[in-house]
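The values are calculated or read from the model by the stated rules, or taken from the named source; none is laboratory data. This one's a predicted model, so the numbers in the text were calculated from it and none came from an experiment. For neighbour counting, all protein chains shown are included, and Cβ atoms are generated from backbone atoms with ideal geometry for every residue, glycine included. These area figures cover heavy atoms from the full protein model, side chains too; ligands, DNA and RNA do not enter into them. Shrake-Rupley method; radii C 1.70, N 1.55, O 1.52, S 1.80 Å.
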Amino acid sequence: MIFETLDTYGHEQVVFCHNKDAGLKAIIAIHNTVLGPALGGTRMWPYKSEDEALKDVLRLSRGMTYKNAVAGLNIGGGKAVIIGNPATDKSEALFRAFGQFVESLGGRYITAEDVGIDVNDMEYVYRETEYVTGVHQVHGGSGDPSPFTAYGALQGLLATLNRKFGDEDVGKYSYAVQGLGHVGMEYVKLLKDRGAKIFVTDINQQLVDKAVNEYGAEAVGLDEIYDVPADVYSPCALGGTVNEQTLPRFKFKVICGAANNQLQNDAIGDEVVKRGILYAPDYAVNAGGVMNVALELDGYNRERAMRMMRTIYHNLSRIYEIADRDGIPTYRAADRLAEERIDKIGKLKLPLGRGRTRFQGRIRGN
Ligand code: NAD
């Protein structure tokens, strides 16, 4: 049954990690290492069943292969899940035991933070293995990726405006930004700097007040955001907000934001096209975070990171070319770009997991 699933989704390796004393139950899924070692975060979540955890890690690791490939990185796709409650089940022993399993894979899988995990947890993992990114800056880590993600999303927006309207004048258009967290607020700032009209919403009123007072945004209700007369919808909170209920209400001409999994399903992606709305594929737009941590492997450098974010413009342009070339929706064109890159680079016959990515710049603490 498991091998059938791995066959369907093309995973290379799945590792079940168990340490009774440390209370560790984790699964590491390596989906694809054709482009390089598999990089993807570790999620800690109180999964209701082992089956649910397995499904999640298989889905997420495959997603990382596509995201990393479209981002142009020499990095494959992987992900890990720890079964447990992040509020009550964390301990040094748990994360060090997990780090030992990561180490045992010899660099085929490199971890990072994801939902339920913070930089302090990663510090414990780092005591057992070097194959971890997102550690404290003192160890050569890159710190909070959110400003980079927002700047990368702006690059994606420029390419998308160009495709839709034939210009890149951010200030000429209006925006509906949902979610003013780490990425959303920075994105609003970037839009404001370029003179844009911005509508905002968030469940946190303080963040809304900040966007209104500091960036001149107009606040709207949580549900009202789907109805505002803006040119661009920028989801920066939850996934699945482009769905059967919301889409018929859209007056937007473009969807471009940083949230993951914006489309409820493929059918909605097709419906978006029918309505003449241009969708900027989420995982290409929000790749700034993973680009930033991937740079840690080569020796982190902020200047280089900013330059790398600008490649998101090119990646989006390439996706739109493929959509034109093959007559397919942009969400499918993004997948195709990833598959074509993996196929072509795979045929170069680089030794497994080598490429150019290697550990260089890390100052090893203790
Ligand atoms: P965050 O938790 O800092 O911010 C999310 C914000 O959304 C919060 O302010 C929250 O109050 C708000 N929110 C939650 N539910 C809402 C709702 N129903 N309506 C309006 N607002 C709501 O998260 P973040 O780091 O800013 O990430 C935002 C999105 O971007 C997520 O989907 C995340 O997966 C994705 N993303 C983030 C990064 C990164 O570098 N942080 C990288 C890639 C993708």
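The table for this structure:
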quantity	calculated
Alpha-carbon centroid distance for the pair segment 285-306 / segment 68-86, whole angstrom	15
In sequence order, calculated HN-Hα J values of segment 131-140 (Karplus, 6.51, -1.76, 1.60; Hz; x Gly/Pro)	7, 8, 10, x, 7, 4, 4, 4, 9, x
Residues with amide H under 5 Å from that of residue 43, placed H, sequence gap 5 or more	80, 81, 82
For peptides 32-38, 328-334, sequence by mean Cβ density within 10 Å, most packed first	32-38, 328-334
Whole-angstrom gap from segment 324-345 to segment 164-185, using each part's C-alpha centre	25
Where the chain is the region considered: accessible area per residue in Å², 1.4 Å probe	44
Selection from 308, 187, 221, by position along the positive dipole direction of the chain (Cβ)	308
Accessible-area composition of the chain, carbon plus sulfur, in percent [1.4 Å probe]	49
Which listed pairs, of 164/197; 67/347; 55/210; 172/344; 55/251, have C-alpha distances above 28 Å, in listed order	55/210; 172/344; 55/251
Placed amide H near residue 176: partners under 5 Å, 5+ positions off or other chain	199, 232, 233, 234
Rounded to whole Hz, the Karplus (6.51, -1.76, 1.60) HN-Hα couplings of segment 244-255, x for glycine and proline	4, 7, 8, 4, x, 8, 5, 9, 5, 9, 9, 10
Computed E for residue 5/residue 167 - FRET, C-beta separation, R0 30 angstrom, nearest 0.05	0.05
Burial order of peptide ranges 172-185, 126-139 (average beta-carbon count within 10 Å, highest first)	172-185, 126-139
Interchain or long-range residues, amide H under 5 Å from residue 135's placed H	142
Whole-angstrom gap from segment 40-67 to segment 239-284, using each part's C-alpha centre	23
Mean separation of Cα contacts under 8 Å (6+ apart) over length of segment 146-337, as relative contact order %	24
FRET efficiency, residue 189 to residue 120 (Cβ-Cβ, R0 30 Å, nearest 0.05)	0.65
Mean Cβ count within 10 Å, highest first, over the residues of peptides 62-69, 192-199	62-69, 192-199
Per-residue HN-Hα couplings for segment 223-229 [Karplus 6.51, -1.76, 1.60; θ = phi - 60°; Hz; x = Gly/Pro]	8, 5, 4, 6, 9, 5, x
